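The structure under discussion appears below in the form of structure tokens.
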Amino acid sequence: MERKKQLRKWIAQEKKKYSDSTLKALSEKVLTTLEAYPEFQKGHTILLYHSMKDEVQTHAFIEKWSRSKKIILPVVIGDELELRVYTGPQDLAISSYGIAEPTGTRFTDYRAIDLAVIPGVAFDRHGHRLGRGKGYYDRLLPQIAAPKAGICFPFQLVEEAPAEEFDFRMDTVIAQ
């Protein structure tokens, strides 16, 4: 647990070294690579996330792709993530975490998800993911059979992300 705490602190310090405009440019590179990923290209139903300020910035990406794909976003309900269909920025509400979350229809057909795009604090090349520590995605991801792509800034890709048996691995990690 101490290694996880130290890595989260180090990543937070690294993020502070980058301006908002640099993080936006880095986000665009990551998302361009995601767009070229075969599972994204052929997928119809994509689980994404509406980014927080310190994550790969997905807001414009979600809007762009919602015209041709069904975009599913997570909503924090208690200790779980509930999935909802993204219907547009007019149907977003700010959560207690400060995340804009969809207020629309609940999505429960997990088998229909073609690709799950997952944020994280850090990843390694083996697909290990370090989250924020609440376990939301660790509880959700075992229910989703679709390929899982972790996305992050290049400085979030580390040699070894501390992992435990309940930590869910990504099939691929895209960092640029």
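FYI, it's all coordinate maths here, none of it is from the lab. Predicted, not measured: the structure shown is a model, and the values here were computed from it. We place every Cβ from the backbone using ideal geometry, glycine too, and count neighbours over all the protein chains shown.
Details
- Going through (1) 1.30; (2) 1.10; (3) 0.97, the figure that equals Cα Rg over 2.2 N^0.38 Å as computed for the structure here is (3).
- Nearest-ten-degree value, helix 2-15 long axis tilted from longest Cα axis of the chain: 80
- Ellipticity estimate at 222 nm from DSSP helix runs (n ≥ 4, -39,500 (n - 2.57)) divided over the chain, nearest 500: -8000 deg cm²/dmol
- Table column - 3J(HN,Hα) (Hz), segment 125-130, Karplus curve with 6.51, -1.76, 1.60, x for Gly and Pro: 5, 8, x, 5, 10, 10
- In the chain, the longest principal axis of the Cα atoms and the axis of helix 20-36 are about 60 degrees apart.
- Listed values for segment 69-83 are Karplus-derived 3J(HN,Hα) couplings in whole Hz (6.51 cos²θ - 1.76 cosθ + 1.60, θ = phi - 60°), namely 9, 7, 9, 10, 10, x, 10, 7, 10, x, 9, 10, 9, 9, 9, and x replaces Gly and Pro.
- Entries in Lys24/Lys53; Lys24/Lys148; Lys42/Lys148; Lys4/Lys148; Lys5/Lys134 that, when Cα-Cα distance is taken, lie over 18 Å: Lys24/Lys148; Lys4/Lys148
- Partners for Lys17 among aspartates and glutamates (Cα-Cα distance below 12 Å; same-chain residues under 8 apart left out): Asp54
- Choice from Phe40, Phe123, Phe166 with maximal GNM fluctuation in the chain (Cα, 10 Å cutoff): Phe166
- Surrounding net charge for Ile174, when Lys and Arg each add one and Asp and Glu each subtract one, Cβ distance under 15 Å: -1
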